[in-house]
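Working notes, beginning with the structure itself.
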Amino acid sequence: MKLKYLIVGTGRSGTAYMSELFRSSGMKSAHEGVFTVDGWKYAREVDETSQLLHNIEVESSWMAAPFLNKKELDDTIIIHAIRNPLKTISSIVCTKLLSDDLLSNKKNPFTLFIQNHMPKVFNYSNEVDRVTYFYIYWNKLIERYADLTFKVEDKPDKLFEKLKIDITGKELYANTKHNNKQRDSDAIVSYDEIPNDVLRQKLKIAANKYGYN
């Protein structure tokens, strides 16, 4: 693949914001334009097409995570996008991505994508536990291959400095709540609301590691 940068997180972790941020830096960026629910074969096909048509330099998609081990990405810089764990989990719960209703009909393509690539999520009978497991282990999957990690709440100047991207005179995109839904702020999940003790403790460890004390 000819992508310079690939930004990956969980769903609702700020990948849409990151795509806009890189676009405002002057780079040609896509959000879920290459990596979609259609998987690796589609990603390779659309990558070739998009390079020819649009010269895409940056892709930002949570659905890239299962494919980070592909040799075609060896020359691509992988950026791990992290957002506050409880806010991310709350936002995913609000989307009903892993709700009991969606699990019963199995028609949501995003739910099916997770089922195909991380089936252990569905070992848990409680929705919040499922989402918590997804947050912990999807991020662990990304960590193995990430070249650097960026908290979406942080100012991006140091990120661009590390990447040696000149942002002099650029008005960078600053809406970190891009793609946010009003419902996201209606019900923030707390640690006490995570039923599984082991997952709760593992999430606290992950939060501390990512700098969310």
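Brief remarks on what is shown
- Count of residues meeting criterion [closer than 13 Å to E57 by Cβ, among the aliphatic types (A, V, I, L, M) and assigned to a strand (DSSP E or B)] in segment 2-31: 3
- Scanning segment 92-104 for any residue that is closer than 30 Å to I205 by Cα and basic (K, R) turns up at least one such residue.
- Entry remark, segment 122-151: residues being hydrophobic (A, V, I, L, M, F, W, C) and either surrounded by 20 or more Cβ atoms within 10 Å (Cβ to Cβ) or assigned to a loop (DSSP other than H, G, I, E, B) (or both) number 7 in total.
- Here S99, S104, S90 are screened, and the one residue that is loosely packed, with under 11 Cβ neighbours inside 10 Å and of a type in the set (S, T, Y) is S104.
- Pairing each residue of segment 130-141 that is under 20 Å from I79 (Cβ atoms) and in contact (Cβ under 8 Å) with a residue 12 or more places away in the chain with any residue that is part of a helix (DSSP H, G or I) and among the hydroxyl-bearing types (S, T, Y), provided the two are 6+ apart or on different chains, yields C-beta distances under 7 Å for Y135/T88.
- Comparison of K70, K41 shows that the only residue that is basic (K, R) and at pLDDT 95 or above is K70.
- Filter pass, S90 being assigned to a helix (DSSP H, G or I), closer than 28 Å to E193 by Cβ, in contact (Cβ under 8 Å) with a residue 40 or more places away in the chain and hydroxyl-bearing (S, T, Y): yes
The values are calculated or read from the model by the stated rules, or taken from the named source; none is laboratory data. Remember, it's a predicted structure, so these values are computed and weren't measured experimentally. When we count neighbours, we look across all protein chains shown, and the Cβ atoms used for this are built from the backbone with ideal geometry, even at glycine.
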